[in-house]
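The values are calculated or read from the model by the stated rules, or taken from the named source; none is laboratory data. Everything quoted here is computed from the prediction, not taken from an experiment. Backbone-built Cβ (ideal geometry, glycine too); neighbour counts: all protein chains shown.
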Amino acid sequence: MNFSHKYRSQNLRKGRISIQGVYYHIIICTYQRQQLLTENKVSSIIFSTFDWLQTDNRLLWICIMVMPDHVHTVIKLDEGQTLPKVLHSMKLFSARKINKHLSRRGSLWQKGYTDWCIRNETTLNKTIRYCYMNPVRQGLVTSPRNYPYWRCKYDLE
């Protein structure tokens, strides 16, 4: 029996709901995991996109870690918002600007995303620390404070 179609990301999301006021850890990957994101202007576009979504009362971002081929973020949805709707806006808005800056065409982001609901403060703190340490785990830097493509509302040092 072939189960591969059953476990595609869109099938895993069927029946899920988005909960306002809850923190989520989201991972968004580039199309075919292309390493396009760690350039100052590109990461700046990603940060400004999350700022725009926050100013537009769609989410509250807590941390954003831009890696070469993916983005980790911890967010809280604002009232009336859903993860699919907010992340669709994020991808569409940022892809247009990044593609224009890089003089490229085509898909920037993979379809879908990975998300985890964060249920308590302990998990929130562990998740933020996990995002912060990701460039060290990937061998990009020896200390996370040396990684330039990171924003957090809290001081981790």
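Worth pointing out:
- The set of residues from the range 1-36 being within 28 Å of Arg105 (Cα to Cα) and either in contact with a strand residue (DSSP E or B) (Cβ under 8 Å, 6 or more places away or on another chain) or modelled with pLDDT of 95 or more (or both) comprises Ser9, Ile26, Ile27, Ile28, Cys29, Thr30, Tyr31, Gln32, Arg33, Gln34, Gln35, Leu36.
- On inspection, Lys91 qualifies as in contact with a strand residue (DSSP E or B) (Cβ under 7 Å, 6 or more places away or on another chain), surrounded by 15 or more Cβ atoms within 10 Å (Cβ to Cβ), at pLDDT 95 or above and among the basic types (Lys, Arg).
- Which numbered condition Thr114 misses (of (1) within 20 Å of Arg137 (Cβ to Cβ); (2) out of contact with any strand residue (DSSP E or B) (no Cβ under 8 Å at 6 or more places or on another chain)): (2)
- Considering only residues in the range 139-157 that are exposed (fewer than 12 other Cβ atoms within 10 Å of the Cβ) and closer than 26 Å to Gln32 by Cα, the one that is nearest to the chain's Cα centre (by Cα) turns out to be Pro148.
- Enumeration of residues in the range 97-137 that are of a type in the set (A, V, I, L, M) and closer than 14 Å to Leu37 by Cα: Ile98, Leu102, Leu108
- Pairing residues of the range 19-31 that are touching a residue at least 12 places away in the same chain (Cβ under 8 Å) and closer than 17 Å to Pro68 by Cβ with residues that are of a type in the set (D, E, K, R) and surrounded by 14 or more Cβ atoms within 10 Å (Cβ to Cβ), at Cβ distances under 8 Å and at least 6 apart in sequence or on separate chains, gives Ile27/Asp115; Ile28/Lys91; Cys29/Asp69; Thr30/Asp69.
- Per this entry, Asp69 is counted among residues that are of a type in the set (D, E, K, R), in contact with a helix residue (DSSP H, G or I) (Cβ under 9 Å, 6 or more places away or on another chain) and either surrounded by 15 or more Cβ atoms within 10 Å (Cβ to Cβ) or within 21 Å of Tyr149 (Cβ to Cβ) (or both).
- Residue identified as under 22 Å from Tyr24 (Cβ atoms) and either assigned to a loop (DSSP other than H, G, I, E, B) or more than 13 Å from the chain's Cα centre (by Cα) (or both) among Lys100, Lys126, Lys91, Lys76: Lys126
- If the condition is being closer than 20 Å to Tyr31 by Cα, surrounded by 12 or more Cβ atoms within 10 Å (Cβ to Cβ) and not small (Gly, Ala, Ser), then the range 105-123 contributes Leu108, Trp109, Gln110, Tyr113, Thr114, Asp115.
- Residue ID - surrounded by the fewest Cβ atoms within 10 Å (Cβ to Cβ), chosen from residues in the range 37-66 that are β-branched (Val, Ile, Thr) and at pLDDT 95 or above: Thr55
- Close pairs (6 angstrom Cβ cut-off, 6 or more residues apart or separate chains): over 16 Å from Pro68 (Cβ atoms) in the range 102-114, among the hydrophobic types (A, V, I, L, M, F, W, C) anywhere: Tyr113/Ile26; Tyr113/Ile28; Tyr113/Leu87; Thr114/Ile27
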